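The values are calculated or read from the model by the stated rules, or taken from the named source; none is laboratory data. Just so you know, these numbers come straight off a predicted model, no measurement behind them. All Cβ positions, glycine included, derive from the backbone under ideal geometry; neighbour counts span all protein chains shown.
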Amino acid sequence: MSKSIPPIVPMSSPDLTDAERQAVLAVLQTPNLSMGPQITAFEAAFSAYTGFRHAIGVNSGTAGLHLCVRAAGIGFGDLALTTPFSFVASTNALLFEQAVPVFVDVDPLTGNMDPQLTAQAARDLHEGGSAAQRWLPRKGAQPGAALKAVLGVDVFGQPADWDALHAIANPYNLSLIEDSCEALGAEYKGRKAGTLAEMAVFAFYPNKQITTGEGGLILTNDDQADGLMRALRNQGRAPGDTWLSHTHLGYNYRLDELSAALGVVQMSRLEELLLKREQVAEWYRLRLSRIAGVTAPCIDKNTTRTSWFVYVIRVDRGVNREALAQRLADRGVPVRPYFLPIHLQPYMVERFGYQPGDFPVTEDLGKRGLALPFSGVMTEEQVDLVCRTLEEVL
Ligand SMILES: *Cc1c(COP(=O)(O)O)cnc(C)c1O
């Protein structure tokens, strides 16, 4: 591998101001560093923003997804329909409970779960026998296992087709979990991402739309699920438990006060942050439309607002993505293949026997997707530089 020069543009960058720095410093003036007024304020901001009754702060998006899986009662051997075109956490949350993810391939334009395939899979799994068999992995699933849930992902800031997913889930009483970790601020037919299922999760790693350093948050209107998830994030302590009594097997998934304070300020700036990201995406779109060999992201008609998370272009079928990525890196433009399909990750191949060709649309997107440097603090000059470099090396 040839050596690359240091990046001339960062791959991603948080958007922080003195307000965030002051808020974190203020927490350090108090003795309360975990589960105090800041997490309460952070949660209240999400309830106000979404209209959902319960918002539960946790220390990562992955932790949030895991608690949703627990609250939905998804356990050993249970099946859940989900997507192989996602960050691994959406699938891992199921594996933590020994459930079996049943993948359905995705829509080639959005990269979100294909509703027709999802409907077919739900029907076939309900019927059982050989109809069910063709959706199950080659190994690792129990015969006769029950389908319990649909775990959909709003990929790259575009919501999945949730009306269709509801219609699929309702007749079979399936739980619906929305992984909205990439879509805070997005809208589907005018409704906010994160409000489109029974439970939803946002995440706040530094490359997300808002950041808390590390952090996540669950939304639900279900009082019972809320009570259980609040207990589980705090070592299984139910209301009435003392510090050393534990009703449930729980976790330490608490969000600390420093992170929550950062999040409160970020959340108050949400609209500003989203608009800056929209502007950067628009600068990219205009320039990329004139460059042959690559395609800018496609926006679905149901996405009434895109919330830009990463900026993933597609290289044409004739273009060698790896060579392109290397030449860009050599000129100081960091890029990343996006996503490597979940079913082909080594631990998934080992456990379930997946093979290349199992999910062709996901694999095609996985081979052609290239994330360009992207953040709300990028300047038009930086976008210009990335695009000029891309054009030169193509
Ligand atoms: C970021 C992300 C998560 C959660 O990530 P954490 O690093 O655990 O906060 C989950 N699912 C998807 C699709 C993501 O992009």
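Consider Ser90 carefully, then state whether it is buried (at least 16 other Cβ atoms within 10 Å of the Cβ), within 12 Å of the ligand (Cβ to nearest atom), in the same structural domain as Phe204 (by TED's automatic domain parsing) and assigned to a helix (DSSP H, G or I). Yes.
Can you find a residue in region 48-63 that is without any contact (Cβ under 8 Å) to a residue 24 or more places away in the chain, more than 19 Å from the chain's Cα centre (by Cα) and not assigned by TED's automatic domain parsing to the domain that holds Lys276? Taking every residue of region 48-63 in turn, at least one turns out to be without any contact (Cβ under 8 Å) to a residue 24 or more places away in the chain, more than 19 Å from the chain's Cα centre (by Cα) and not assigned by TED's automatic domain parsing to the domain that holds Lys276. Can you find a residue in region 212-230 that is closer than 29 Å to Ala19 by Cβ, part of a helix (DSSP H, G or I) and more than 14 Å from the ligand (Cβ to nearest atom)? Looking for residues that are closer than 29 Å to Ala19 by Cβ, part of a helix (DSSP H, G or I) and more than 14 Å from the ligand (Cβ to nearest atom), one finds at least one in region 212-230, hence yes. Of everything listed in (1) within 16 Å of the ligand (Cβ to nearest atom); (2) closer than 29 Å to Pro356 by Cβ; (3) assigned to a helix (DSSP H, G or I), the single unmet condition for Leu81 is (3).
A quick yes/no check of all residues on (1) hydrophobic (A, V, I, L, M, F, W, C); (2) under 21 Å from Phe359 (Cα atoms); (3) within 16 Å of the ligand (Cβ to nearest atom); (4) in contact with a Gly (Cβ under 7 Å, 6 or more places away or on another chain):
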| site | (1), (2), (3), (4) |
| --- | --- |
| Leu117 | yes, yes, no, no |
| Ala121 | yes, yes, no, no |
| Asp124 | no, yes, no, no |
| Gly129 | no, no, no, no |
| Arg134 | no, yes, no, no |
| Pro137 | no, yes, no, yes |
| Gly144 | no, no, no, yes |
| Leu151 | yes, yes, yes, no |
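Okay, residues lined up against (1) touching a Cys at 6+ places or on another chain (Cβ under 9 Å); (2) within 22 Å of Asp364 (Cβ to Cβ); (3) at pLDDT 95 or above:
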residue	(1), (2), (3)
Trp283	yes, no, yes
Thr295	no, yes, yes
Ile299	no, yes, yes
Tyr311	no, yes, yes
Gly318	no, yes, no
Glu322	no, yes, yes
Arg336	no, yes, yes
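Note on region 112-148: residues that are outside any loop (DSSP other than H, G, I, E, B) and in contact (Cβ under 8 Å) with a residue 60 or more places away in the chain amount to 2.
Going by what's in this entry, would Pro108 be described as within 14 Å of the ligand (Cβ to nearest atom) and either modelled with pLDDT of 95 or more or of a type in the set (A, V, I, L, M) (or both)? Steps first, please.
Values: within 14 Å of the ligand (Cβ to nearest atom): no; either modelled with pLDDT of 95 or more or of a type in the set (A, V, I, L, M) (or both): yes.
No, not satisfied.
Just so you know, in region 174-207 the residues that are more than 28 Å from Gly75 (Cβ to Cβ) and away from the ligand (no atom under 15 Å from the Cβ) include one that is surrounded by the fewest Cβ atoms within 10 Å (Cβ to Cβ), and it is Gly190. Arg336 satisfies every condition listed in (1) within 22 Å of Asn207 (Cβ to Cβ); (2) exposed (fewer than 15 other Cβ atoms within 10 Å of the Cβ) except (2). Of the residues Arg269, Arg237, Arg277, only one is under 29 Å from Leu28 (Cα atoms), out of contact with any Lys or Arg (no Cβ under 7 Å at 6 or more places or on another chain) and in contact (Cβ under 8 Å) with a residue 60 or more places away in the chain; which? Arg269 is the lone residue from the list that is under 29 Å from Leu28 (Cα atoms), out of contact with any Lys or Arg (no Cβ under 7 Å at 6 or more places or on another chain) and in contact (Cβ under 8 Å) with a residue 60 or more places away in the chain.
Hey, does region 237-248 have a residue that's modelled with pLDDT of 95 or more and either surrounded by 18 or more Cβ atoms within 10 Å (Cβ to Cβ) or within 14 Å of the ligand (Cβ to nearest atom) (or both)? Yes, because at least one residue in region 237-248 is modelled with pLDDT of 95 or more and either surrounded by 18 or more Cβ atoms within 10 Å (Cβ to Cβ) or within 14 Å of the ligand (Cβ to nearest atom) (or both).
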